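Beneath this line is the structure, given in structure tokens, with notes to follow.
The values are calculated or read from the model by the stated rules, or taken from the named source; none is laboratory data. None of these values were measured; they are calculated from a predicted model. Positions of Cβ are backbone-derived with ideal geometry, glycine not excepted, and every protein chain shown enters the neighbour counts.
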Amino acid sequence: MMTNALTKAWTELVRPMLRRPKRVQMAALCYRDSDCGKMVLLITSRDTGRWVVPKGWPIDGMDGPQAALQEAWEEAGVSKAEADLHAIGQYDYLKGLDNGAEAPVETQVYLARVIDIVADFPEADQRRRKWVSPQDAANMVDEPGLKTILRSL
């Protein structure tokens, strides 16, 4: 009986107070039109090599779309693109931190039409990139919310 009360207190009172609010990131869902329809740009993460979209933390002096485009440049070599002013969606994931802990992150996703992409960019030696259909991209990424956004294209 006491164990149930302690479990309930932990679950409903203590644990929620210890949880930090989600951190926010901005992501660029880069695309181009082709003869086969829309193609989206995926990149590999630096740490695990899994397929992701360019994303990062807010940048002082930039709004969400501008920060997303900055990440697309640094991580994928997108040198010129037009981003929508409003996020097309958001997804949540747990980000591994340097100290081994995980932090909940809400990622705002901005659609970005790629006009120019270059081979020489800041993280070129740390990542791979690949153009794929939205359906293939949805099968390649891990985050369920990002899969849903990709399938909606």
- Message: Anything in the stretch 98-142 that is polar (S, T, N, Q) and either within 25 Å of L85 (Cα to Cα) or free of Cβ contacts under 8 Å to residues at least 40 places away in the same chain (or both)? List them, or say none.
- Response: N99, T107, Q108, S133, Q135, N139
- Message: Filter the stretch 103-147 down to the residues that are part of a helix (DSSP H, G or I) and closer than 18 Å to Q25 by Cα and list them by number.
- Response: P144, G145, L146, K147
- Determine if the stretch 29-49 includes at least one residue that is part of a strand (DSSP E or B), of a type in the set (D, E) and surrounded by fewer than 12 Cβ atoms within 10 Å (Cβ to Cβ). yes
- Please work out if A87 is at pLDDT 95 or above, surrounded by 13 or more Cβ atoms within 10 Å (Cβ to Cβ), hydrophobic (A, V, I, L, M, F, W, C) and in a loop (DSSP other than H, G, I, E, B). yes
- Answer with yes or no whether A72 is touching a residue at least 40 places away in the same chain (Cβ under 8 Å) and either more than 15 Å from I43 (Cβ to Cβ) or not in a helix (DSSP H, G or I) (or both). no
- Taking K80, is it at pLDDT below 95, touching a strand residue (DSSP E or B) at 6+ places or on another chain (Cβ under 6 Å), assigned to a strand (DSSP E or B) and of a type in the set (K, R)? no
